[in-house]
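Single-structure report; data block below.
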Amino acid sequence: MIDLARQAVRLALDRGAKDAECTLAEGQEFSAHVRMRNLETLKDAGSRRAGLRVLVGKRVGSAHTSDLSSDGVLQMVKSALEIAEISTEDPFADLPDPSELGSLPGDLDLYSDDIQTIDTPARIKEALETEEAALSWDPRITNSEGASFSAHSGQRVFANSRGFFGGYRTSSCSLSTTPVARQGESMERDFWYSSARSHSKLDSPAAVGRRAAERTVRRLGARKVPTQKVPVIFDSVTARSLLGNIFEAVEGDSIYRKASFLAGKLGERVASENVTVIDDGCLPGLFGTSPFDDEGVPSRRTVVIDRGVLRSYLLNSYTARKLGLRTTGNAARGITGNAGVGHGNFFLEKGERSPEEIIRGIRQGLYVTELIGQGVNVVTGDYSRGAAGLWIENGEFAYPVSEITIAANLRQMLLDVEAAGSDLEFRGSVASPTLLIREMTVSGQ
Amino acid sequence: MPLSDSFFGQKFGITEHDLQSYLSEALAAGGDYADLYFECLATSQLSIDESIVKSAVQGVSLGVGVRVISGERTGYAYSDDLSPEKIRKAARVAACIANGPAKVDKTGFTRNGGNSARGHDLYPIATSPSETSLAERVELVKRADRSARAADRRVFEVQASYVDSVREVLVATSDGVLSTDRQPLARLGVSVLAREGDGVAQRGYSGGGGRVGLEFFETEKTPEHFAREAVRQAIVQLGAAPAPAGEMTVVLGPGWPGVLLHEAVGHGLEADFNRKQVSAFSGRIGQQVASPLCTVVDDGTIRNRRGSLNVDDEGAATQENVLIEKGILRGYLFDKLSSRLLRSKTTGSGRRESYQHIPMPRMTNTFMLAGESDPQDIIRSTPRGLYCANFGGGQVDITSGNFVFSASESYLIEDGRITRPVRGAMLTGNGPEALKHVSMVGHDLQLDEGMGLCGKEGQSVPVGVGIPTIKIDRMTVGGTGG
């Protein structure tokens with residue numbers, strides 16, 4: 001695969017490109033879905049893709065193909081060069097400086113072949129056990145949207161005309177289930193999952209099923225609450241989405257466009273002392289880890305917010321040139337095109353108090369377990385989303401609530417983080433502990 | 001058109017005999033049904049940013065998906081290589097789902113749909129995008145950029161993009177259907193940022209298109225149209241106060257606000273959820289789920305619309321489906337699997353994102369039929385409320401029926417008049433309940449401009465929505481204002 005990528009780069013240079021970069025990706029996907037104790041769907045397949053980006057002078061063209069034959073690759077090269085003809089010169093278009101290219105040494109634990117050793121019947125059995133654990137947890141769980149075992153493995157290689165070439169393999173597997181509970185007129189669903197790069201690190205089917213069941217049953221009989229301003233606790237699941245919003249506000253693209261409420265705030269206090277946000281692409285075995293970013297720049301650890309003070313944006317080489325800064329190794333793209341900005345493992349440092357202690361400290365407030373809809377504007381910081389969760393009275397869960405919205409401005413929400421829990425867990429490339437926000441508007445009746 | 005003249009016949013030499021043999025392979029281990037979905041998708045994407053055409057991408061994706069159904073079970077595999085041995089391998093993998101004696105009883109194919117005499121011909125376009133020069137298409141985003149910048153001095157950033165694709169599909173099924181279709185799709189979008197002095201920046205967005213050729217953007221909806229609309233929305237936001245919070249009367253403007261129907265009703269009526277009894281609408285056929293003023297349909301047969309298809313992704317002709325008639329729930333949207341299991345007719349609603357995906361019941365163009373009220377009267381009759389002219393996206397939990405969607409342009413209604421703009425309004429409600437509070441329906445049905453993308457279980461498909469001006473007496477609005 002690496003040879004094919006280097007050949008495509010060479011072919012582009014031979015045909016008049018000043019620079020070129022080529023990504024090849026191949027992947028295998030497997031999923032087994034069961035529902036109500038029966039196998040429902042099996043999917044097993046693989047595919048490959050190639051993408052090429054060329055610079056002709058300061059003009060850029062990109063192309064991609066699923067045809068990796070020599071003819072297919074040649075067509076892709078021609079197509080990218082053709083499209084560069086009609087683009088406009090961009091003075092900032094370039095590849096990273098050769099001094100910035102490289103790859104982390106050592107094994108980052110991104111691939112494990114233990115997943116391959118589990119045969120299809122065993123995979124189906126794990127999905128069945130996961131669903132069964134949920135169905136048998138509580139008599140109110142009367143139905144299910146099923147459970148899945150899925151596995152992916154793949155390889156990604158990258159080569160450019162500045163001398164970089166490299167590749168890495170990844171694997172992952174996951175178990176998930178979505179039970180449905182009923183009580184009178186009330187019907188609710190929720191879900192839980194576990195995912196890991198190796199099968200041995202996956203939570204047990206029993207644990208996943210039980211957690212899904214608990215999350216579902218506790219939603220039954222949900223009501224609306226009157227519109228009011230109260231403290232809001234985001235559980236570690238919904239807090240992740242908040243971290244996603246912070247990422248959008250610190251990534252270089254929205255910064256150089258001044259399309260973020262955090263643009264131009266380097267060195268300033270933007271959050272409470274309880275907030276330290278880190279991006280780390282080097283942590284072994286995690287989903288946000290890679291030896292190099294999608295431009296061939298080594299991954300690294302970047303402190304984004306240090307005890308409330310904005311310390312760094314996250315940049316690829318283009319946004320770095322735009323801002324007169326250095327790339328932070330955060331280039332991300334699918335298979336082709338100009339790289340965007342992505343994150344490694346993007347997380348908020350854990351605090352001292354357990355989630356239970358944080359909840360006990362609330363006289364009246366909302367514990368959010370689900371957010372739906374889009375309603376976050378990182379340009380202005382306006383934040384408004386649909387929510388479901390549990391109402392807190394005198395430090396204890398009183399009853400479930402749904403069909404409400406929560407609103408505030410992210411600018412103020414960050415300054416209002418009164419506590420970060422001790423429960424940081426990496427279940428994907430974004431992670432957060434439980435977070436307590438001093439006050440938000442809850443809209444209901 | 002004989003298969004030999006179709007895209008896959010010509011380019012890859014695929015014959016009916018080949019298709020029969022792949023289907024036989026797929027059903028060799030038993031199974032009730034098998035199908036093949038061949039797809040070749042050619043896309044181009046151009047965007048302008050800071051008045052520079054920074055990014056342009058062309059690409060092609062080719063592959064075949066093989067599905068085997070055995071009772072409630074589905075086996076699926078795909079290949080991005082159309083060589084006979086790779087297709088046979090995919091067929092054997094998909095066949096693993098079934099066990100038992102082969103029960104292939106088919107004899108031949110009947111032609112269905114797709115640009116043929118017996119099917120629809122919903123997108124006869126003068127010039128396919130791929131037949132026009134890239135330079136012509138680039139001109140569209142350049143014009144949008146110039147127009148947006150010229151429209152208002154407060155605009156400080158403009159991004160415009162144009163994306164088009166042509167999808168060639170061939171569906172062959174073990175029950176004898178053979179369909180081909182050529183599906184064009186194009187969309188132009190403009191996003192701007194505006195700021196007054198040192199104030200907070202606001203974004204405006206507008207876009208549209210459909211299963212149309214380049215001429216659509218020359219004659220019907222020009223780049224200037226979308227640019228001016230994006231600028232107008234951003235400027236309105238500059239003067240907007242925080243949205244109010246709490247329960248109030250909500251008036252939806254015509255067009256894109258029809259996304260309410262998509263979230264509140266449409267998803268809950270997809271037959272897969274109802275087969276599993278996990279939708280808030282399960283078992284409610286014949287019941288009142290909306291006010292008698294509401295009739296909601298899903299219609300995949302409207303010419304040139306973004307959600308339209310000559311044949312669905314399982315080879316069945318699309319049709320108009322009545323979901324709610326005068327407030328009474330009438331029907332669900334079926335794909336092949338759910339229609340087999342629920343012993344109902346397919347409604348031509350089986351759709352998939354690509355050959356790598358298993359089809360499921362999906363919406364096409366979902367809208368409410370026009371009523372009799374004058375839109376002006378609807379506003380005049382509202383002492384206090386919120387008028388929503390435009391929305392961002394929405395989402396629904398089909399089990400509880402709770403949905404949300406965010407307004408991107410809304411105004412207060414005070415004493416029967418639209419007064420001040422507000423920002424950040426989020427509407428939330430419950431699917432089977434929300435439309436019961438509809439008290440007026442306007443005569444001004446409008447379909448959206450053609451930019452909808454619907455996500456379900458990881459698969460995205462283009463859709464359309466539409467609605468006349470309607471008044472909902474009671475709905476929860478989430479904002480930060482008093």
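Condition first: on the phi < 0 side of the Ramachandran plot, out of contact with any helix residue (DSSP H, G or I) (no Cβ under 7 Å at 6 or more places or on another chain) and free of Cβ contacts under 8 Å to residues at least 40 places away in the same chain. Can you find one or more residues in segment A:335-349 that meet it? No, segment A:335-349 has no match at all. Only one of the listed residues (B:Leu309, B:Leu342) is closer than 30 Å to A:Leu220 by Cα and in contact (Cβ under 8 Å) with a residue 12 or more places away in the chain. That residue is B:Leu342. Whenever a residue of segment A:122-146 is within 14 Å of chain B (Cβ to nearest Cβ) and surrounded by fewer than 22 Cβ atoms within 10 Å (Cβ to Cβ), its partners that are among the β-branched types (Val, Ile, Thr) and part of a helix (DSSP H, G or I), lying with C-beta atoms within less than 6 angstrom and at least six residues away or across chains, give the pairs A:Arg140/A:Val217. Note on segment A:148-168: among residues that are touching a helix residue (DSSP H, G or I) at 6+ places or on another chain (Cβ under 9 Å) and within 13 Å of chain B (Cβ to nearest Cβ), the one that is nearest to B:Asn274 (Cα to Cα) is A:Ser148.
Going through segment A:386-445 one residue at a time, which ones are within 14 Å of chain B (Cβ to nearest Cβ) and within 17 Å of A:Leu220 (Cα to Cα)? Result: A:Ala387, A:Ala388, A:Gly389, A:Pro400, A:Val401, A:Ser402, A:Glu403, A:Ile404. One residue stands out in segment A:190-214 among those that are within 14 Å of chain B (Cβ to nearest Cβ) and surrounded by fewer than 22 Cβ atoms within 10 Å (Cβ to Cβ): the one that is farthest from A:Gln445 (Cα to Cα), namely A:Tyr193. Could you pull out the residue among B:Thr347, B:Thr382 that is farther than 30 Å from B:Ile69 by Cα, in contact with a strand residue (DSSP E or B) (Cβ under 6 Å, 6 or more places away or on another chain), part of a loop (DSSP other than H, G, I, E, B) and among the hydroxyl-bearing types (Ser, Thr, Tyr)? None of the others qualify; the one that does is B:Thr382.
In the set A:Gly375, A:Gly395, A:Gly361, A:Gly428, only one residue is crowded, with 21+ Cβ neighbours inside 10 Å and in the same structural domain as A:Ser290 (by TED's automatic domain parsing); that residue is A:Gly375. Taken together, the residues in segment A:328-338 that are assigned to a loop (DSSP other than H, G, I, E, B) and crowded, with 24+ Cβ neighbours inside 10 Å amount to 4. Taking segment A:42-56 as the range and being of a type in the set (Lys, Arg), at the interface with chain B (Cβ under 7 Å from one of its Cβ atoms) and more than 13 Å from A:Arg156 (Cβ to Cβ) as the test, only A:Lys43 passes. Count of segment A:367-385 residues, restricted to those that are in a loop (DSSP other than H, G, I, E, B) and more than 8 Å from every other protein chain (Cβ to nearest Cβ), is 2.
The values are calculated or read from the model by the stated rules, or taken from the named source; none is laboratory data. Owing to the predicted nature of the structure, the values given are computational and were not obtained by experimental measurement. Because the Cβ atoms are built from the backbone with ideal geometry, glycine has one as well, and the counts that use them run over all protein chains shown.
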